[in-house]
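Every number here is computed from the coordinates shown, using simple stated rules; none is lab data. This is a predicted model, so every value here is computed, not measured. For neighbour counting, all protein chains shown are included, and Cβ atoms are generated from backbone atoms with ideal geometry for every residue, glycine included.
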Amino acid sequence: MKTLNKICWIVGIVLGLGSLVLFFTDFATITSGGKEVTLVGAQLGFGSKIEFAGKDYNMAKSADILFCFILTALAAAFSALSFKTKKLRYAAPAVGVVSAVYMLVIALSDATKFVDCRPLPSVSGVVYAPFVLVTAIVLFAFTAFSLAHLLIDDYLEVVASKGSKKTILKRIGRFLRDYKSEVKKIVWPGFKDVLKNTLIVLIICLILGAFIWAVDFGLAELLKLILGE
């Protein structure tokens with residue numbers, strides 16, 4: 001079990017770093033003025049100076065791609081440092097799944113929504129490279145192995161403590177059972193009570209709205225008098 005846990009941790013680190021490296025491969029091809037230019041994810045995310053059609057352009061930053069790159073870097077860092085502090089075991093899969101979902105949305109959406117082509121003139125089309133979808137797949141794989149490392153490590157910790165601690169799954173199950181028992185204690189109001197409370201809230205909102213309007217109107221008129229309008 002310890003060997004499997006170590007394998008999951010190492011594979012997770014490799015996949016995390018691999019997904020980060022994929023940002024430095026071809027990301028999108030932009031067609032401008034009948035000519036094409038292919039940029040890597042890092043260029044789009046951070047913005048860079050490129051030479052296109054004999055001219056130099058300082059590309060604008062694509063905020064969504066930059067954000068996804070930062071999330072991926074954080075996930076890979078959390079996974080690599082998880083051997084130092086066990087708290088980072090939880091951060092790696094949590095950040096990884098957010099990054100994976102974000103990248104999948106980018107990969108499956110129209111490229112023009114996420115790739116900022118400014119200041120290239122006469123842009124007629126933007127097409128993603130296959131590596132965009134590959135990056136999303138690798139990120140999901142990274143999340144899976146990071147989660148496996150977390151669960152196995154948690155199980156080993158419970159075994160080492162001779163069952164005095166509960167695993168994450170058992171703690172989640174206990175939370176859901178407690179939540180269910182608490183929900184059963186809720187007393188739901190009847191229709192008349194709901195209608196009565198709703199009317200009271202609406203009346204109070206109308207009174208407060210009228211008061212705020214009156215104060216605003218009065219201050220506006222006072223300001224007009226002061227300014228002599």
Using every pair of alpha-carbon atoms in the range 10-50, split the distances into 10 Å bins beginning at 0 and state the percent of pairs per bin, rounded to integers. 27, 40, 22, 9, 2
Coil-residue chymotrypsin sites (Phe, Trp or Tyr not before Pro) of the range 71-154, DSSP, other Cβ within 10 Å capped at 15: Phe83
Rounded if a/c under 1.5, otherwise prolate or oblate - the range 60-136, Cα gyration tensor axes: prolate
I need the helices of the chain that pass two filters: whole DSSP H segments spanning 15 Å or more by Cα along the axis, and mean Kyte-Doolittle score no lower than 0.5. 2-21, 63-81, 88-108, 131-160, 191-227
Place a +1 charge on the Cβ of each Lys and Arg in the range 2-184 and a -1 charge on the Cβ of each Asp and Glu, then give the dipole magnitude about the Cα centre in debye, rounded to the nearest 20. 1220
What ranking of Thr25, Thr198, Thr143, Thr3 emerges when the number of other C-beta atoms within 10 Å of each C-beta is taken as an exposure proxy, fewest first? Thr3, Thr198, Thr25, Thr143
Let me make sure I get this right: for the chain, a, b and c are the square roots of the gyration tensor eigenvalues over alpha carbons, sorted descending. Under 1.5 in a/c it's rounded, otherwise prolate if a/b > b/c, else oblate. Which is it? oblate
Rounded to the nearest 500, the 222 nm mean residue ellipticity computed for the chain from DSSP H runs (n ≥ 4, each -39500 (n - 2.57)) alone is -23000 deg cm²/dmol
